[in-house]
Every structure is written in C-alpha cells, then in structure tokens.
2 protein chains.
Amino acid sequence: MKITFKGDYALKAILDLALHYDSGELVTSFDLSQRIDAPIKFLEQVLLELKKGGFIESRRGNIGGYRLARVPGQITVGDIVRLVDGPSEPIACVNKDYSNCADIKKCIFKGIWQKVDQATSGIIDHITFEDLASQISINQKVLSYSI
Amino acid sequence: MKITFKGDYALKAILDLALHYDSGELVTSFDLSQRIDAPIKFLEQVLLELKKGGFIESRRGNIGGYRLARVPGQITVGDIVRLVDGPSEPIACVNKDYSNCADIKKCIFKGIWQKVDQATSGIIDHITFEDLASQISINQKVLSYSI
DNA sequence: ACATATCCGATGGGATAAGTAGGAAAGAGG
DNA sequence: CCTCTTTCCTACTTATCCCATCGGATATGT
Ligand code: FES
Ligand code: FES
C-alpha cells in the first residue's frame, strides 16, 4: 500500500464533502482545491475518477459542483484509496496468480504479504468518513479542519 | 510499503543464505541467481547493498561467495525489506515532519497511516530467517524450496 | 599467470507520478 | 439566444524510479 498525492487529495476531497453532506449543498472544485490545497486541474481529474467510481455525483454549469453519492458512513478510507491508488497489497502475487516465483504455491513469503495486506485492510476498511467527520467536529468546532 | 523486485530478490537471497548457514560454505552469486531466478548482474547489485547494510559478508576470488554476517535468527524480514525498498510507512508524513498537509498536527489521516505502519511493522519485524528456514525444512525435506 | 568472483560506475528503456494546457459540453440567468 | 460558470475529457510534459544490461576494475586461490 502506497499513498500517492492523488490518493491523498481524494481522501481530503471526500472528507470535505462529508463535512458538507448534511447541508445538501454542492461544493465546487475551486472551493475544494482551496481548502485541501490541491492544484485545481489535477483535482478535477481526481474528482472525475471518484465520480466514475460511484462515490460522488456532480452537476455542471452555473451553480454546479460535487456532493457525496452516499451517506458518509458508507464510504470507507479503503474504498477511496483502493480506487485511486490501487490494491492494498504490498506485492502483486498476494491476490493474483501472477508472480515471479517459480512455484507460487510453495512460496514462503506470500503468506507474509497476505498477513500484511489483511492487517492493512482491517484498518482502512473499517474507518468511514462519518467516523472522521465526527472526529473533526469534536476536536475543532470553530477551527477549520486541517487536511 | 511496496515490495519491488529488488526487495523480493533480496529476501530470497537472504533466505537461501540462511539455508546454507549451518554448512559454513560460501554461496556464489551465480548459484544464488540460479536458485532464486534473478538476473545475475542485477542480483550482484542487491548483494552489494546487503553487504553494505551489514547483513552479509563476502569473499572475492576463486572460491569466493557470500554468507550471512549474522545468525539467521537475528535477521528479520523487516530488516531486509526496509534496507532495499525503503521505510514501511504508506506515506512519508508518518515518520517525518514533511507532509503536504497545512497543519500536520491536526491532520486526521496521519493517525490512520501510523496504525497501518505499526500493523505492518508488527508482522515483518517479528519474522526472522530462522523461522522461515525451519518452516521450509519441515515442509519440504527433499524438495527444493520454491522462492 | 590464470581462472574465478566480487565490486563498481555508467547507461538505457519503460513505467509511474504529478502536474499543465486547452478546450468541449452542460446548465442557469438574463 | 447569449453569456457566464462549472464540470468533463484528452493530450502533453517533466521528473523520478524500476529493472535491468554492459564493461571493466579489483581481489584471491591454484
Ligand atoms: S509468490 Fe509472491 S513472493 Fe513468492
Ligand atoms: S499529515 Fe500525512 S496525510 Fe496529513
């Protein structure tokens, strides 16, 4: 599991949308890029990917923008990071049949990477953006969240 | 944590040396490359890195080769993979002060990546090559280990 | 001297990361 | 219909890393 800037931006964007979810309002890519400090044109691509992934929806035009396509409690960190940064395993052979090992069945390392993958998944797949959003509103009622 | 071919080769090389540790004999890069199925010239670079890291020692010349510089029980998977593939954290901000977040102290994601890192470390730092070697000799007395 | 190995630096092709640029398409308001 | 805004889409760039390959320098036993 390697988190790139793209994944980082995606997570922050979703979190921001989660914090605006109750209001029902749309958030523009401009506002988003300001708050999460991401280059707007790059962020647009990420948002498009998130849309195609089914996590957000959008409206174009004058008062357009983005909002979550689901309740924050039904989107996990793992969902987002897997979509934009790929699978969580540290090496490809864990979930695929492909490997550079002669006999994948006997490979003694595969089990290690599977454990690592499971441990990672156990964390990122159980944290929802509802969890994160509530954590923020507890810690910093007035302050803008730092993301 | 991302395992590259370099890391993969390094782990297999160390395991092979661990299996030959009791004999006290040196293993050549040629033999190593044959058994672990790695390009010899590339493997040489990896072995050099492992030597500089203090995990193996070598002798040049006619009957030269490599052997472990320590007992297999004192080398962990984490040691090797960290040396050749870098730190185990999924994003740089976990262990460094650097991040692309405005206020790293308030960043809500940092805690997640720290947990992932700890979970990963908890696995790879507790598996030694003695463990792996004994596992192989139990499973496949006659068969050559597949790595 | 010679064969055998490790050591070491340079180079190159391919993939990925992180943007930039430019515009097409859609929607609201006048 | 016209304009302004905002999303959508494609192509391009620049840098960095990965995975080697090559050519030789250096050391060592016989
Ligand atoms: S099958 Fe994945 S490292 Fe061997
Ligand atoms: S400080 Fe690491 S993601 Fe925010």
State the number of residues belonging to region A:45-74 that are in a strand (DSSP E or B) and acidic (Asp, Glu). 1
Quick check on B:Lys52: is it free of Cβ contacts under 8 Å to residues at least 12 places away in the same chain, under 30 Å from A:Asp131 (Cα atoms) and more than 10 Å from chain A (Cβ to nearest Cβ)? no
Please work out which residue is nearest to B:Val94 (Cα to Cα), limiting yourself to region A:2-25 and to residues that are open to solvent by less than 60 Å² (accessible area, probe 1.4 Å) and away from chain B (no Cβ under 14 Å). A:Leu17
Restricting region A:123-147 to residues that are at the interface with another protein chain (Cβ under 8 Å from one of its Cβ atoms) and modelled with pLDDT of 70 or more, which is farthest from A:Lys12 (Cα to Cα)? A:Ile123
For region A:36-85, which residues satisfy the criterion of being open to solvent by less than 50 Å² (accessible area, probe 1.4 Å) and within 16 Å of ligand 2 (Cβ to nearest atom)? A:Ile36, A:Ala38, A:Leu43, A:Val46, A:Val77, A:Gly78, A:Ile80, A:Val81, A:Val84, A:Asp85
Yes or no: B:Leu15 more than 16 Å from ligand 1 (Cβ to nearest atom) and part of a helix (DSSP H, G or I)? no
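The values are calculated or read from the model by the stated rules, or taken from the named source; none is laboratory data. Note that the coordinates shown come from a computational prediction; the quantities given were computed from them, not determined experimentally. When we count neighbours, we look across all protein chains shown, and the Cβ atoms used for this are built from the backbone with ideal geometry, even at glycine. What goes into the accessible areas is simple: the full protein's heavy atoms, side chains included, and nothing from ligands, DNA or RNA. Shrake-Rupley method; radii C 1.70, N 1.55, O 1.52, S 1.80 Å.
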